[in-house]
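The values are calculated or read from the model by the stated rules, or taken from the named source; none is laboratory data. The structure displayed is predicted, hence computed values, not measured ones. Ideal geometry is used to build each Cβ from the backbone, glycine not excepted, and the neighbour counts take in all protein chains shown. We work out accessible area using only protein heavy atoms, side chains counted, and drop any ligands, DNA or RNA first. Shrake-Rupley method; radii C 1.70, N 1.55, O 1.52, S 1.80 Å.
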Amino acid sequence: MGKPPPGKCFQELWFGLLVSFLLCIVLLCLNYSTSLGAKNGIDLSMSKLVRPIGDMKINDTEVSCSDRYIYIHDDLPSKFNSDFLINCKSISAGISSSSIPSMCPDLLNLGLGPKIENSDGVLANESWFVTNPYLLEVIFHNKMKKYECLTSNSTLASAIYVPFYTGMDASVHLWDSNLTIRDSSAKNLVKWLSGQPEWKKMWGRDHFFVSGRTSWDFRRVRDNSSEWGSKLRFLPESMNMTMLSMEGSLWKNDIAIPYPTSFHPAKHSEVVQWQNRVRQQERPYLFAFVGAPRPHLQGSIRGKIIDHCQASTTCKFLHCGENNCHNPVNIIRVFQSSVYCLQPRGDSDTRRSAFDAILAGCIPVFFHPGTAFSQYLWYLPKNHTKYSVFIPVRDVKDLKEEGIIDKVLQGISKDRELAMREEVIRIIPKLVYADPGSRLDTPDAFDIAVHGILERIENVRKVIREGRDPSIGFAEVDGTKFTFPDTVD
């Protein structure tokens, strides 16, 4: 081949010099940008700028907390919560306004109560406390403070938690004959809440609070000093909120969550250890009853239950009227030794004893649907025959037949007994409130309550998005909630 013309060589030389010059300029600019970024704490290296598409992820917290953010009204005036803790000496520890020690010792360990130091071998680990069930609202608040999806921005929240200690307030005012005083906290609360910007988002239907008492304590129908309770739940603003309490009512915005027991595990392994323990327990008694008669309650079957138990050689009776039930060890010891545990209604439809029995692996025997079946819908199997026995007693006369309880329980096959106990043991983790500073591997009673309230509020949002009236069905009365079934399985 011949030599190229001299002009063409000259053009190629200039072109090469021009490309080299431009490349130097680009490299200098890139170096300057990188230096500038480093000075400002920005990493512009290629390993950070270039990432495979499959590695592009939204922040894990944003994903897991989507539709689960909760805003706590920490700005709630202290007279509605912390002032009660400070003044605990003036607050009764129980259901009566007098003759019961103050609540101060019960507030130890974030509301779990004093730790049980010596259980005489009845309990399995150190996560047991003398817990006052009326402090459910305090326990719940302390667990909510550790909730993984809290937000300080209320506009992001799916639910608004109101840390009003309704039960502690009731312990101060519920027995006051002056209705103005009895209802003052309730009226002041809703006045404050309805004046906050969060209220106008859904007019309170995304708000919820927790009570350490039964819902009936807050549903006084008439303004008569002889009538029981405050009228908190009949105030218009309160009707727009949901209350979680140890016992629900006929109104759909009163939802039952479990009574606190004395077991508050700090680790999931403690739950498994306890389940294995009660599964292997020797149970010499066919059935047991822990409680006291209720002679002042018309229609109470407690007296008949006690008579049946004391007349049977296969029943263990612990009389709570003799102060035997202040120590959880005494209760768990009896329930551990029995196959079935009788659970008649107490001062109201429900009993903490039912949860103590399940905790001990004892199959509960219910006599009224309002004691469990129509209450704890988020927690207990819909088919109540899987974990309990139902002996319908509409009236004391239904227990007049001598030995009827023995007869029913002895007629249950061993296979069904074992299946029911296994189901009872399976649901134990769902019914305990773990230590407020811990989380279990599976949902506890608090986790299930939070999930339930978020789902309920989301359903209200769906109604609003569809252009329907959110008040319809939100706080309606369910007149059939506590009625006896036509047939018994």
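Numbers below:
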{"item": "Rounded accessible area of Asp307 (nearest 10 Å², 1.4 Å probe)", "result": "90"}
{"item": "Centre separation in Å (Cα based) which lies between region 428-449 and region 269-288", "result": "19"}
{"item": "Environment charge of Lys430, counting only residues whose C-beta is closer than 10 Å and scoring Lys/Arg +1, Asp/Glu -1", "result": "-1"}
{"item": "Whole-percent carbon and sulfur share, accessible surface of region 153-256, 1.4 Å", "result": "54"}
{"item": "Residue-count net charge about Ala357 - beta-carbon cut-off 14 Å; Lys, Arg +1, Asp, Glu -1", "result": "+4"}
{"item": "Rounded if a/c under 1.5, otherwise prolate or oblate - region 175-297, Cα gyration tensor axes", "result": "oblate"}
{"item": "Alpha-carbon centroids, region 242-258 and region 129-148: separation in whole Å", "result": "17"}
{"item": "For region 366-433, Kirkwood radius (reciprocal of mean inverse C-alpha pair distance, Å)", "result": "13.5"}
{"item": "Cβ-derived FRET efficiency at R0 51 Å, Lys414 paired with Lys89, nearest 0.05", "result": "0.45"}
{"item": "Cα centroid of region 171-226 to Cα centroid of region 394-427, whole Å", "result": "40"}
{"item": "Computed over region 149-235: relative contact order in percent, which uses C-alpha pairs under 8 Å that are six or more apart", "result": "36"}
